1. With a cut-off of at most 14 other beta carbons within 10 Å, and DSSP calling the residue loop, which trypsin sites (Lys or Arg not before Pro) in segment 448-538 qualify? Please list them.
2. With 5 Å bins from zero, work out the P(r) of segment 281-429 over every alpha carbon pair and list the percent per bin.
3. Filter Lys441/Lys573; Lys417/Lys573; Lys380/Lys566 down to the pairs with a C-alpha to C-alpha distance above 22 Å, please.
4. For an R0 of 35 angstrom, estimate the FRET efficiency from the Cβ-Cβ distance between Ala520 and Ala630 and round to the nearest 0.05.
5. Hey, what number do you get for the chain at 222 nm if only DSSP H runs of n ≥ 4 count, each worth -39500 (n - 2.57), divided across all residues, to the nearest 500?
6. Using the beta-carbon distance between Lys203 and Ser623 and R0 = 56 Å, what value does 1/(1 + (r/R0)^6) give for FRET efficiency, to the nearest 0.05?
7. Could you pull out the GluC sites (Glu not before Pro) across segment 104-177 that fall in loop regions by DSSP (anything but H, G, I, E, B) with no more than 14 other Cβ atoms inside 10 Å?
8. Express in % the proportion of alpha carbon pairs of segment 11-97 at distances exceeding 18 Å.
Amino acid sequence: MNKSYRLTTGQALVRFLARQSVERDGRQNRFIEGIWGIFGHGNVAGLGQGIVEFSQAEGLRFFKPQHEQAMVHTAAAFARHRNRLTTFACTTSIGPGAANMITAAAGATVNRLPVLLLPSDYFANRFPDPVLQQLEHPIERDMSVSDAFRPISKFFDRISRPEQLMASLPEAFRVLTDPAETGAVTITLPEDVQAEAYDWPIKFFEHRIWHVRRPIPEPELIRELVRLVKSAEHPVIISGGGIIYAEAAEELRLLIEQFGIPITETQAGKGVLPWNHPMNAGPVGSNGATSANRLAREADLIIAVGTRLSDFTTASKSQFQNPTVRFVGINVVPLDAHKLRALPVVADAKRALRILHDALQEAGYSGTATAYRQQVAELKAAWDAKVTEIRTVLPEESGLLTEPTVIGLVNESVGGKATVVCAAGGMPGELLRLWRPEDPKAYHVEYGFSCMGYEIAGGLGIKLAEPEREVVVMVGDGSYLMMSSEIVTAVGEGLKLTIVVVDNHGYQCILDLQRAVGVADFGNELRFRNHEKDSLTGDYIPVDFKKHAESMGAHAVFAQTEAELKKALDDTKQAHRVSVIVVPVDPEKRIPSLGTWWDVPIAEVSADEKTQQVRQGYEKARSAQRSIFA
Ligand SMILES: Cc1ncc(C[n+]2csc(CCOP(=O)(O)OP(=O)(O)O)c2C)c(N)n1
Ligand SMILES: [Mg+2]
């Protein structure tokens, strides 16, 4: 009887990928849904041949993006939308093709999203050295461009003999499917090794089911947590993306409704409960709501669940001002659970929240005082009114729309169930405050890495993850110019996407920041060179985004007024293709300042008086930062 298959490394890899499933809560699915790839000499003959021979038979669909960075964004967004229970593999050629994935790979790792990266690598046999695009490090001969994946990967290996796959792939899948360890997993594939054959044991290709663990919290820590909750007067939950990935919305809802504990949201956690849930106090931190920030400022107990506690969430550690505040971290990742010197409850969010709920009930806890719940309701009502006001301001006659108004109009049109996608620019902060999701999958802003270029590629990944859902991408002109190429991919795949390009002639959020840090306008807008002054201060460079989108096969319209935008959005409801709506907005009119702070250092010395003044304000603001040892 045949005990082995003779296959190349590339062929064996494809077969293995197709036969890995995950299981959580008794539900099972294939883990690698398909393969994205851009071919070159580094992968066309080896892995590429394996894909051609085996992928279709194994049920793995192949996709071709227009840029390697984009396909990794797509894979990450796909994985996020599917709560990390599925992802894509991504193959590239050697050198530049590989290097192009690094930016998005770092984004996946930062956001704790599984992506499997398969860059090519130079010959293991070294005969042709230097192969086209080989780095040739002068001292470290075994170093290649693909080594640049090491610091941004959660697992890295180089396969210099075929049989190493048998040691490497199970480790790679252990990391990919582990909620605490997951991120970018990189296996580099030397060009010659991909084409080499080996007698693989049949067992290597057996269908394997990876259990996605849900660790339960330690009882001692739950006892301590119950004690902390019972003795707190003003507890606040920070609700992070981990709650969504753990599918723990219901457990969160039960807990906060029964015990009257308000939640505040992070970028990744927004949407876990609908915007209008009475105990949802809105976003917290530098881009936060007046309601959530007031509660967080005064809270005596912060329970951070499934959050990385980024500087935006903690307002650069200035958000929590109660001198007696205590922190609890409920997180499957120990690194996160321990942040802010918290009581570290290392556990799955769904299980931890349910166990906490039952433990509080058993301990006879009746919840927060009526006065506190009343305060939450009042702060929330005031915030909701403020949001309505901000997102419905219309320009005076013939004026341009503002970004907040565009957000309001788009949200009104697509509703609270469509998924909104964004990543960089001014809009992530505005969306966090102004968008009103009614479903845990209705808000997808990538703000761990805030990577320009994620938006359209990410939207594509979400549409693939859930084809029935409406997906609306909000993208600034700057991000669009950096990476809009995946419109072509979406058109080619016959997908429906609505893309709203908000054109304000450049990097207006950075210009805003530049002004706020006391620096004169410099290098952020899309302007012609003024040759007399030899500076980028000429007129705006007109870019016809409508024509550009049309040239890639999208249906495109230009919408300047409220009526035009409403009609354009309405028209997309009947559309079955990629629609791009280009909206010019007033570059000077953004969301009003709400008195929040984010630590961006100001020059300590400068000849400019304005900078000196701003520095003084900065020093004052910094004095509000609290050390965890204070
Ligand atoms: C890849 C990448 N490069 C640079 C940045 C820094 N950055 C953040 S927002 C931004 C400008 C984005 O411009 P646009 O998309 O037009 O949005 P706007 O600022 O006008 O709201 C820049 C350069 C980033 N986040 N990502
Ligand atoms: Mg812009």
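Read-outs throughout are calculated quantities, based only on the coordinates presented, and are distinct from any laboratory measurement. Every value quoted in this text rests on a predicted model; they were computed, and no experiment measured them. Positions of Cβ are generated from backbone atoms using ideal geometry, with glycine treated the same way; all protein chains shown enter the neighbour counts.
1. Passing sites in segment 448-538 are Arg529, Lys533.
2. 2, 8, 12, 16, 18, 17, 12, 8, 4, 2, 1, 0, 0
3. Lys380/Lys566
4. 0.45
5. Values: 23 runs with 227 residues, N = 630.
One gets -10500 deg cm²/dmol as the mean residue ellipticity at 222 nm.
6. On the way: r = 63 Å, r/R0 = 1.13.
Plugging the Cβ-Cβ distance into 1/(1 + (r/R0)^6) gives 0.35.
7. Glu136, Glu140
8. Pairs farther apart than 18 Å: 44 percent.
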